[in-house]
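Since the structure comes first, as structure tokens, the remarks are kept for the end.
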Amino acid sequence: MELRERLRIAPDTAVDLGAIDPASTPGAPAKADKKWAAAQLTDIGAALSRYQEMLYAGAKAAGSRQRLLLVLQAMDCGGKDGTVRKVAGAMNPQGLHIVAFGKPTEEERRHDFLWRIRRALPAPGFVGVFNRSHYEDVLVVRVHQVVPREEWEGRYDQINAFERELVEDGVTLVKVMLHISAEEQCERLLQRLDDPTKHWKYNPGDLDERKLWPAYQEAYADALARCSTEAAPWFVVPADRKWYRDWAVANLLRETFAQLSLEYPVGDFDVAAEKHRLREDCQ
Ligand code: AMP
Ligand code: MG
């Protein structure tokens with residue numbers, strides 16, 4: 001079975017994150033480990049780079065509007081940065097468009113929540129990676145009631161409409177929640193505190209957020225259930241094991257690319273005639 005099928009959230013179905021073991025490794029062979037995943041990632045990265053080149057060639061030579069957008073969401077320490085480093089890092093950097101979304105700036109707050117997202121979309125031919133996304137506007141914003149309930153409640157439909165519009169414009173979305181356990185987050189936060197070179201990543205506010213774990217899990221479950229559509233599905237990747245997380249995300253991208261049936265565009269010139277001209281010129 002394809003990993004896409006295994007990890008996908010079915011549309012219009014309630015989601016119970018508690019039933020998905022963050023330490024599990026669905027779809028990986030029993031012998032799989034860190035070393036195995038590293039070797040796999042090299043191969044998958046090469047395949048992804050080739051696919052992305054075809055995407056770019058299609059945009060450049062044939063005016064295709066196709067592009068792929070990986071959306072990464074996770075709790076703090078969920079591994080978004082590591083996934084970008086390992087998975088995007090396995091691809092050709094020329095074809096990537098990577099954007100991280102933090103707290104909205106003053107200018108961003110003057111516009112609707114999708115404004116900054118629209119401006120950050122990958123151009124045709126590129127692979128975009130969103131490290132956090134418009135989903136923060138139904139996650140952190142919902143948990144902290146940054147806007148009243150009526151407002152964030154309306155956003156699920158807005159997001160679905162927005163994503164449908166993207167799909168119609170050639171964007172293939174791969175939305176991934178990196179699912180870690182509260183215990184693993186605790187471990188990772190402790191590691192950050194134990195390593196002075198990681199202190200820049202630590203924010204005392206992370207502990208306050210951690211106390212809101214159940215509210216966040218509830219908000220995640222709702223976002224997954226309400227916004228996993230046929231057009232733009234959500235995938236939940238168990239992420240306590242970093243090697244599995246990287247392999248799974250890379251593999252989801254590879255499977256998604258394979259479904260696009262990409263091909264290199266055929267040249268609109270006479271190859272034999274061009275060769276002839278070139279030979280004459282080279283003499
Ligand atoms: P980091 O990823 O550690 O750099 O943190 C980014 C912070 O920005 C996180 O605490 C997010 O919850 C916060 N953030 C991202 N998007 C939004 C948003 N739309 N509204 C409020 N906070 C946000
Ligand atoms: Mg942080």
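Some observations on this one:
- Cα gyration tensor, region 12-62 - rounded (a/c under 1.5), prolate or oblate: oblate
- Positive-end ranking of C227, C282, L139 along the dipole of the chain, with charges on Cβ about the Cα centre, is headed by C282.
- For region 103-184: rounded, prolate or oblate by the Cα gyration tensor [a/c cutoff 1.5]: oblate
- Each Lys or Arg adds one and each Asp or Glu takes one away; over the other residues whose Cβ falls under 13 Å from the Cβ of D195, this sums to +2.
- Carbon plus sulfur fraction of accessible area for the chain, probe 1.4 Å, in percent: 51
- Alpha carbon centroid spacing (whole Å) that separates region 56-116 from region 3-42: 22
- DSSP bridge pairs, the chain: antiparallel proportion in percent, nearest 5: 5
- Take the Cα radius of gyration of the chain and divide it by 2.2 N^0.38 Å, N being the number of residues; the result is 1.11.
- Classified by the C-alpha gyration tensor, region 200-260 has an oblate form. Its axis ratio a/c, with a ≥ b ≥ c, is 1.5 or above, and a/b does not exceed b/c.
- For region 165-241 and region 260-276, distance of Cα centres in Å: 44
- At R0 = 41 Å, FRET efficiency that the Cβ-Cβ distance of R8 and D268 yields, to 0.05: 0.60
- Spacing of the two label points (7 Å from each Cα toward its C-beta) at D21 and A182, in nm: 2.0
- Probe 1.4 Å - accessible area at K31, Å² to nearest ten: 140
- Take the Cα of R210, step 7 Å toward its Cβ, do the same at V167, and the gap between the two points is 3.8 nm.
- Residues whose amide H falls under 5 Å from that of V174, counting only those 5 or more places apart or on a different chain, are L69, L70, V71, with hydrogens built in the peptide plane.
- Efficiency of FRET between A100 and A30 - r from beta-carbon atoms, R0 25 angstrom, step 0.05: 0.10
- Per residue accessible area in Å² of the chain, where ligands, DNA and RNA are left out and the probe is 1.4 Å: 53
- Nearest-0.05 FRET efficiency for H111 and L278, computed from C-beta distance (R0 45 Å): 0.30
- Length-normalised contact order for the chain - Cα pairs under 8 Å, 6+ apart - percent: 35
- Remark: for residue pairs K60/K201; K80/K211; K35/K103; K34/K60; K60/K103; K35/K60, the C-alpha separation exceeds 32 Å in K60/K201; K35/K103; K34/K60; K60/K103; K35/K60.
The values are calculated or read from the model by the stated rules, or taken from the named source; none is laboratory data. What you are looking at is a predicted structure, and each value in this text was computed from that prediction instead of being measured. We place every Cβ from the backbone using ideal geometry, glycine too, and count neighbours over all the protein chains shown. Heavy atoms of the whole protein, side chains included, go into the accessibility calculation; ligands, DNA and RNA do not. Shrake-Rupley method; radii C 1.70, N 1.55, O 1.52, S 1.80 Å.
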